[in-house]
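The values are calculated or read from the model by the stated rules, or taken from the named source; none is laboratory data. None of these values were measured; they are calculated from a predicted model. Here the Cβ is made from the backbone with ideal geometry for all residues, glycine too, and neighbour counts use every protein chain on show. Protein only, heavy atoms only, side chains kept; ligands, DNA and RNA dropped before computing areas. Shrake-Rupley method; radii C 1.70, N 1.55, O 1.52, S 1.80 Å.
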Amino acid sequence: MMAKIKDNTIQVVFISLILDLLAFTMILPLLPALLDYYKEIESDESMYFKILRYIQSTRKFFDAPDKVNTVLYGGFLGSMYSFLQFLGSPIVGALSDIYGRKPLMMFCLIGITMSYLLWALSCNFTIFVLARFVGGISKGNISLSMAIISDVTSPKTRGKAMALVGIAFSIGFVVGPMIGAFFAWISSNNREGAWYIIPAIFALFLAISDLCFVLCNLRESLPLEHRAKSLISGVSGITIYVNPIDLFQFNGVSGLNLQDKKNLKTLGCAYFVYLFIYSGLEFTLTFLTHYLFEFTSMQQGWMFLGIGLVMAILQGSWVRTIPSNKTKSAAELGLWLTVPAFICVGLATDVLTLSIGLLLFAISTAMVVTCMMTLVTRIGPDNQKGTITGVFRSLGALARACGPIVASIAFWCIGSKATYLTGAVFLIFPPIILQRVRLSTCYVPEKIVN
């Protein structure tokens, strides 16, 4: 009976993630058209033009083409979204260790639903930014999903379950942008009036469906006897969950032995460095293909479709069957593969070389994120899994908030080739750092540290 409950929980989490990621990714192709729309309707003293003046100053300083104004605007919104995830994920995870996973999951999904409602009502740019703010701060559902999977799986079966999370991401990032591209195509033919309401309502429909589905089907995965008693109290306790120094030290996690504390810090450091550089390539890839290879929006859509399909196939077949004792070596291999991926993309002067680099990029992505999340869920006591996965996801969000900005500046200052080759050099460090992790087969709470 318990096995059936566990299997059902994993399926519910998987479906919930797909619904959430479809709504999340469909807005990506719409951002340029949305920003153009607000540019047309806003006054000179509005928030839109105040921010635009700062962006234009930055563009002139780096001598970037005028065409990148919209891209830099999208980068600003994306970084804000990731930064809010960085703030919210560890706090939501820590609260779920006390009050249970389902109540906090419902709280996050309600916030996400409200963000799409605000988007549908965004008659001006300020409301649209508010919608992105609410959505970003509510995005702790991803780390909660991983904590739930950790609750209902054993170390031997966790890798297979975590691979489903990767598959959900692949499906979301393949299908979601295609839906968004469809709405972008419609909007290109008719941009009179508030055309964005139709895609916003569709995203709202997906979010409401997700909320109702989780409410009716998700079982609480953290028993009362396994819950933490309280958060670290006071203002200093709150800052532990948002202060980068405390996050890298995992100071918000209690009840760890010395080796587990060391392993978490090592994993967090490797993951941050990897995702910091990775997100830079991911963000600037559209710049590269547009200006160097003159890809159209449709060609870029096919490019991301190919990347997503490779990831989904690998995660659905091979990655989810990796034995638990091979997870760390698979993560290391994936990290090493990112180095030639960056080199190929940086040196590419033809589509074939670019395609080889992107193939390696997709293969490494399918391996690294899933395997590293599996590793981190094997560390620490059960009543701290939400905090641990929340902090880990928060470090990833911080990397995604900083990486694209740094990569974009480098892209326009020193060029794409130097940017990617420099990234390849720094990508040597994450697999070397990961080699220092020493995982035991079970958790032994001895020599407790704060």
Is it the case that segment 375-383 has a residue that's open to solvent by 10 Å² or more (accessible area, probe 1.4 Å), part of a helix (DSSP H, G or I) and closer than 30 Å to S154 by Cα?
yes
For segment 79-98, state whether one or more residues are open to solvent by 20 Å² or more (accessible area, probe 1.4 Å), farther than 28 Å from S408 by Cα and of a type in the set (S, T, Y).
no
Checked segment 20-36 for anything farther than 18 Å from M114 by Cβ and either open to solvent by 30 Å² or more (accessible area, probe 1.4 Å) or free of Cβ contacts under 8 Å to residues at least 60 places away in the same chain (or both); matches are L28, P29, L31, P32, L35, D36
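For a quick check of your reading: which helices (runs of 4 or more DSSP H) sit entirely within segment 58-159 and have at least 2 residues that are polar (S, T, N, Q) and either modelled with pLDDT of 85 or more or within 25 Å of S254 (Cβ to Cβ) (or both)?
Fully inside segment 58-159 and qualifying: 69-99, 101-120, 141-152.
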So which residues in segment 221-239 are at pLDDT 70 or above and either open to solvent by 70 Å² or more (accessible area, probe 1.4 Å) or among the small types (G, A, S) (or both)?
S221, L224, E225, H226, A228, K229
As an exercise: evaluate T370 against (1) open to solvent by less than 20 Å² (accessible area, probe 1.4 Å); (2) touching a Pro at 6+ places or on another chain (Cβ under 8 Å); (3) touching a residue at least 24 places away in the same chain (Cβ under 8 Å) and give the number of the one condition it does not meet.
(2)
Examine segment 357-366 for a residue that is in a helix (DSSP H, G or I), among the aromatic types (F, W, Y), under 27 Å from S96 (Cβ atoms) and touching a residue at least 12 places away in the same chain (Cβ under 8 Å), and state whether such a residue exists.
no
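Name every residue in segment 146-174 that is over 15 Å from Q315 (Cβ atoms) and touching a helix residue (DSSP H, G or I) at 6+ places or on another chain (Cβ under 8 Å), in order of residue number. Write out each step before concluding.
Restricting attention to segment 146-174, the residues satisfying the condition of being over 15 Å from Q315 (Cβ atoms) are 147-148, 150-157.
Once the filter is applied, which keeps residues that are over 15 Å from Q315 (Cβ atoms) and touching a helix residue (DSSP H, G or I) at 6+ places or on another chain (Cβ under 8 Å), segment 146-174 yields A147, I148, S150, D151, V152, T153, P155, K156.
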The listed residue being buried (at least 16 other Cβ atoms within 10 Å of the Cβ) and not polar (S, T, N, Q), out of I55, I41:
I55
Scope segment 316-362; condition touching a helix residue (DSSP H, G or I) at 6+ places or on another chain (Cβ under 7 Å) and among the basic types (K, R); matching residues
R320, K328
Starting from segment 75-102, keep only residues that are at negative phi, then list their pairs with residues that are surrounded by fewer than 21 Cβ atoms within 10 Å (Cβ to Cβ) and among the aromatic types (F, W, Y) whose Cβ atoms are within a distance under 7 Å, requiring at least 6 positions of separation or different chains.
L84/F133
Selection within segment 312-343 - open to solvent by less than 30 Å² (accessible area, probe 1.4 Å) and either among the hydrophobic types (A, V, I, L, M, F, W, C) or without any contact (Cβ under 8 Å) to a residue 40 or more places away in the chain (or both):
A312, V319, I322, A330, A331, G334, L335, V339, A341, F342
